[in-house]
Amino acid sequence: MARALWLPDVLRGAGVPVALQPGWEGRGRDMTSIEGVIAHHTASACCANAPALGIVTNGRSDLPGPLSCAVLARDGTWIVVAAGRANHAGAGNWKGVTDGNGRFLGVEAENNGTGEAWKPQQYSSYVKGVAGILRHLRRGSDWVCGHKEYALPKGRKPDPTFDMNRFRADVTAVLGGAPPPPSEPRVLREGMSGQDVKEWQELLVRAGYPIGTDGAFGPQTTGATKQAQSRVGTAPDGIVGPETRSKVNQLVNPPPPPPAPPAPPAPKEDEMFSRQGENMYHITNAYSGLLWDLKDLGQNGDRVETYLADGGIDQRWRQVENSDGTISFHTKNELALDVPNNTGEAGTGLRVWFINDTGAQRFKREPVSRYEHRLVHVTSGLYVSNPVVGAGTPLTLESLRDDANQVFRFTHTV
């Protein structure tokens, strides 16, 4: 004969929050043996923390309690209900075991079973707690099953709603992985006492609830806790779990406001930044110092060539930001840098055309250093290049080569 009097200590060792339902040690008849775990969900309405606790403890008119050894609350707290046999399994079979009540611990996790998403903290606690139980029993993850897997005839039960194969894989990872994390602070409720209760009472006083701070969790503390829970948006059940503790702490100790963003540095001549209106750029090959040039303004189809700087207006370009995140380059005469016929072929010469908002006139800048960039044509993916450094050499589009001919500097001019 067996009783799970070890269950609270094992769960705490697994790193999950634990609460004890009064009388849990003597609740339920002795079990034949303890072989594994059957996972359930309560099918209780969303979204109080542990609304099924009373029914699981005391049973229903058609089925006496306890109805499981533990209830897993929505905040991830394991509430131990019974050390003995519980009426949770019914007819079924898992690994040849047909006496589910007598040989499997049942865990009822709060979930409505009709589409409620499993909270990460609850699912994680489910995995850790079951892994702790199986480690104590010296069993592998194949000794946890869902009620839907155990119950006969097949299809009689739908719980739990998550994928049991994934659940067993997660339990296996915990069993074979790093040591369990340290236990979280215990869950506080009426009837408990201690330093942690006193600290909770002091936190409630700081939150504006004038109660005694004697370290005994009585009706006054329960009432103040429920008021604080309503205020911070958690279920007002008077039980202090991780979510309630965290949100009331945030209420009393709000996080500091984020620091003000630093003031932008004053722009330097060679820095890359967009300018509109009449502000123009010289676009200079970073290593030769030659500028882009348009020889005869106002004529469609002129090739863009490189020339020594002479300050001419035909060597000034305005960057225009397009709605799709690309950029175009316009002269003061509103001619646009373009790829003729949008062929995208390596070696295609760049030309200047009237602005017509086509993809052939769209480029991206790719940084090489703080001040130097390469220009890539959006449609073709080819890079602007000056293949032979020298005055009067046409610029072309070519496949990316890691050379200086494809690196340009933008110098702001007025």
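The values are calculated or read from the model by the stated rules, or taken from the named source; none is laboratory data. Since the structure is predicted, the reported quantities are computational estimates derived from the model, not experimental observations. Glycine gets a Cβ as well: all are built from the backbone with ideal geometry, and neighbour counts include every protein chain shown.
Which condition breaks for S246 when tested against (1) within 12 Å of L188 (Cβ to Cβ); (2) within 30 Å of the chain's Cα centre (by Cα); (3) outside any loop (DSSP other than H, G, I, E, B)?
The single condition S246 does not satisfy is (1).
Quick one: in the stretch 18-33, of everything that is small (G, A, S) and in contact with a strand residue (DSSP E or B) (Cβ under 9 Å, 6 or more places away or on another chain), which residue is nearest to P51 (Cα to Cα)?
Restricting to residues being small (G, A, S) and in contact with a strand residue (DSSP E or B) (Cβ under 9 Å, 6 or more places away or on another chain), the top hit is A19.
Would you mind telling me which numbered condition in (1) surrounded by fewer than 16 Cβ atoms within 10 Å (Cβ to Cβ); (2) in the same structural domain as G28 (by TED's automatic domain parsing); (3) not in a loop (DSSP other than H, G, I, E, B) P158 fails?
With respect to (1) surrounded by fewer than 16 Cβ atoms within 10 Å (Cβ to Cβ); (2) in the same structural domain as G28 (by TED's automatic domain parsing); (3) not in a loop (DSSP other than H, G, I, E, B), P158 is out only on (3).
Take the residues in the stretch 19-32 that are assigned to a strand (DSSP E or B) and buried (at least 22 other Cβ atoms within 10 Å of the Cβ), then tell me which one is nearest to the chain's Cα centre (by Cα).
Selected residue: A19.
With T77, T98, T57, T114 as the choices, which residue is more than 21 Å from R166 (Cβ to Cβ), β-branched (V, I, T) and within 30 Å of the chain's Cα centre (by Cα)?
T77
Being farther than 20 Å from A50 by Cβ and either assigned by TED's automatic domain parsing to the domain that holds A52 or among the acidic types (D, E) (or both) is the filter; apply it to the stretch 189-238 and report the residue that is farthest from the chain's Cα centre (by Cα).
D214
As an exercise: evaluate N285 against (1) modelled with pLDDT under 85; (2) within 21 Å of R362 (Cα to Cα); (3) out of contact with any His (no Cβ under 9 Å at 6 or more places or on another chain) and give the number of the one condition it does not meet.
(1)
How many residues are in contact (Cβ under 8 Å) with a residue 60 or more places away in the chain and more than 22 Å from D338 (Cβ to Cβ) if we restrict to the stretch 369-407?
Number satisfying all stated conditions: 7.
Within the stretch 36-51, take every residue that is in a loop (DSSP other than H, G, I, E, B) and in contact with a strand residue (DSSP E or B) (Cβ under 6 Å, 6 or more places away or on another chain) and give me the one that is nearest to A235 (Cα to Cα).
Top of the filtered list is A50.
Criterion first (under 23 Å from T42 (Cα atoms) and touching a strand residue (DSSP E or B) at 6+ places or on another chain (Cβ under 7 Å)) does K157 satisfy it?
yes
Do we have W78 as in contact with a Leu (Cβ under 7 Å, 6 or more places away or on another chain) and within 17 Å of R189 (Cα to Cα) here?
Yes.
Tell me which residues, restricted to the stretch 33-63, are over 12 Å from N101 (Cβ atoms), free of Cβ contacts under 8 Å to residues at least 60 places away in the same chain and surrounded by fewer than 18 Cβ atoms within 10 Å (Cβ to Cβ).
Passing the criteria: G54, I55, N58, G59, R60, S61, D62.
Got at least one residue in the stretch 314-334 being exposed (fewer than 13 other Cβ atoms within 10 Å of the Cβ), hydrophobic (A, V, I, L, M, F, W, C), touching a strand residue (DSSP E or B) at 6+ places or on another chain (Cβ under 9 Å) and outside any loop (DSSP other than H, G, I, E, B)?
Looking through the stretch 314-334, none of the residues is exposed (fewer than 13 other Cβ atoms within 10 Å of the Cβ), hydrophobic (A, V, I, L, M, F, W, C), touching a strand residue (DSSP E or B) at 6+ places or on another chain (Cβ under 9 Å) and outside any loop (DSSP other than H, G, I, E, B).
Which ranges mark the strands (runs of 3 or more DSSP E) fully within the stretch 69-110 that have 1 or more residues being surrounded by fewer than 24 Cβ atoms within 10 Å (Cβ to Cβ)?
78-80
Only one of these is over 16 Å from T393 (Cβ atoms) and modelled with pLDDT of 85 or more: I327, I313. Name it.
After ruling out the rest, the residue left standing is I327.
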